[in-house]
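The values are calculated or read from the model by the stated rules, or taken from the named source; none is laboratory data. Worth saying up front: this structure is predicted, and the values here are computed from it rather than measured. Quick reminder, even Gly has a Cβ in these numbers, built from the backbone with ideal geometry, and neighbours come from all protein chains shown. Protein only, heavy atoms only, side chains kept; ligands, DNA and RNA dropped before computing areas. Shrake-Rupley method; radii C 1.70, N 1.55, O 1.52, S 1.80 Å.
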Amino acid sequence: MTPTEYTNVSSPLRAARVANSVAFALQGFFLAVILTELPQAQSRFGLSDTLILVAVVVISLLAAVGSVVAEQLAVRWSSRVTLRIGLGLIAVTGVLIAFAPDKAVLFAALSGYGVAVGIVDASTNMQAVFIQHGYGRFVLSSFYAAWSAGSILGALFVSGCEKFHVTRTEAVFVAALVVLVAGLVFGPRLLGTRQAEAEPTEAAHAAVVPLRAYLALGIAMALVFAIDLAVGNWSALYLKNELLSSSATAALALAAYQGASLLTRLTGDLWVRRFGPRPVVVAAAAIGVIGLLVVVSAPGPVAALIGFLIAGIGLPVIAPLCFSEAGRLTGGSGLDAVIARLNLFNYAGTLIGGGVVGAVSDVSSLRIGFVIPLLFAAALVLFARTFHARTTARAGEPDAEAA
């Protein structure tokens, strides 16, 4: 299939694409709220940088558990049921986070949220790959654009709350209600088992993904998410504590990164269809290197915001390409398992991006800590060979021309 030969798309498939885009947006929105509220939570509960580091590591480990749980739920029922469970769990734990009276309850609620993050991450990507298979062309980047849009809204929401003196409790509670209501409205429109896991045409394409390809994609994904989570976890604290910005300005660091990410991911599908995954990964990683160099050398908040924006122009398009490559190699119910297991590298990257950067920062500074994601961006240039020079939407189809 060439990039101009589009298949007919059914109304249920279009509705599922919208619903899954909303799910991606909700995940990004609530995560941004939690991350950009870190400075406020730090002040409210007297949390040290070390305690925040421990929380980040624990949430990442539990998210990995959530991804494994998602595999089991999806294989037994469907990715739609799994995703709806995950969104519900985010809403419940969000309310607990909002009203936590002390550190113990806060960390317990954050632990539950970590499991929910893993369930939603895995199941949204399962749905995304099945939907891409139905479309017959590369569309996966658009889901990540929705995630970026949600993340921007979350960061701006917190910035606005700070400006108008809305409390942390009120802000997180409202964010949790948004997730609950939107999940209930759009959840039924996701692809069910008959349209996804058990579809005969999907089963026909089921195949075992070679271990070498799986590991290569996994490592590339770990590097991407290490960078992504380093920005998400530490950018606000970097601007506030190192560059002495206000809390409202600090919240804009993630908004700048995700704003650029949104533009990249909105156009990412077109670039991949035209040039193929490998050239896109090379260009994206190189742009990321430039942006993170600006961040590390920034003399003040404005320069750092520009650096995060540049990094966001390139790096975020790589993650959907990792899942797309996996979807190219298999299908059917086996795809749920592959996506869930590949998603585990997301949290390996999270541990590195959140844990290692935090540890380095704890003994030196956040400026030095951001050297770690800079090196990872450079390494991604080498991993570009993992991706195909030309692209397809699903397993078993001939490669589409890169130009």
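Annotations
- Most fluctuating residue given options Gln127, Gln27, Gln40, as computed from a GNM of the chain linking Cα atoms under 10 Å: Gln40
- When the chain is described by a simple charge dipole with +1 on each Lys and Arg Cβ and -1 on each Asp and Glu Cβ, the residue from Ile368, Thr169, Val179 located farthest towards its positive end is Val179.
- Cα gyration tensor, region 233-390 - rounded (a/c under 1.5), prolate or oblate: prolate
- Region 24-111, relative contact order [Cα under 8 Å, separation at least 6], %: 24
- Under 14 Å, Cβ to Cβ, from Asp228 - net charge with Lys/Arg +1 and Asp/Glu -1: 0
- Solvent-accessible area per residue, Å², over region 278-387 with all protein chains present [probe radius 1.4 Å]: 32
- Percentage relative contact order, the chain, counting C-alpha pairs under 8 Å, at least six apart: 26
- Surface per residue (accessible, 1.4 Å probe) for region 1-81, Å²: 44
- Accessible-area composition of the chain, carbon plus sulfur, in percent [1.4 Å probe]: 70
- Considering only Gly118, Phe130, Ile59, and ranking their Cα positions along the charge dipole of region 39-173 that arises from unit charges at the beta-carbon of Lys, Arg, Asp and Glu, the one farthest toward the positive end is Phe130.
- Most mobile listed residue (Ala251, Ala63, Ala389) in the chain, GNM with C-alpha springs under 10 Å: Ala389
- Considering only Thr264, Thr50, Thr386, the Gaussian network model of the chain with Cα springs below 10 Å gives its largest mean-square fluctuation to Thr50.
- Of the residues Ala25, Gly288, Ser48, the one whose Cα sits farthest toward the positive end of the charge dipole of the chain, with +1 on the Cβ of Lys and Arg and -1 on the Cβ of Asp and Glu, is Ala25.
- Per residue, the accessible area of region 131-170 comes to 34 Å² when a 1.4 Å probe rolls over the protein heavy atoms.
- Packing-based ranking, highest mean first, of 177-183, 69-75 given that Cβ atoms within 10 Å are counted: 69-75, 177-183
- Length gained when the stretch Leu215-Val381 is fully extended (0.36 nm per residue, less Cα-Cα span): 58.1 nm
- Each Lys and Arg adds +1 at its Cβ and each Asp and Glu adds -1 at its Cβ; summed about the Cα centre, the chain shows a dipole of about 380 debye.
- Rounded to the nearest 20, the Cβ-based charge dipole of region 39-176 about its Cα centre (Lys and Arg +1, Asp and Glu -1) stands at 260 debye.
- A simple spin-label model places pseudo-atoms 7 Å from Cα toward Cβ; at Leu184 and Ala104 they are separated by 3.2 nm.
- Span-rule helices in the chain, defined as complete DSSP H runs reaching 20 Å or more along the axis (Cα) with Kyte mean at least -1.0: 11-36, 49-76, 79-98, 103-135, 140-163, 168-186, 211-237, 247-275, 277-296, 301-314, 333-350
- Per residue, the chain reaches -25500 deg cm²/dmol at 222 nm when only DSSP H runs of four or more residues are counted, each adding -39500 (n - 2.57).
- Estimated at 0.36 nm per residue, the fully extended path between His165 and Ile368 surpasses their Cα-Cα distance by 69.8 nm.
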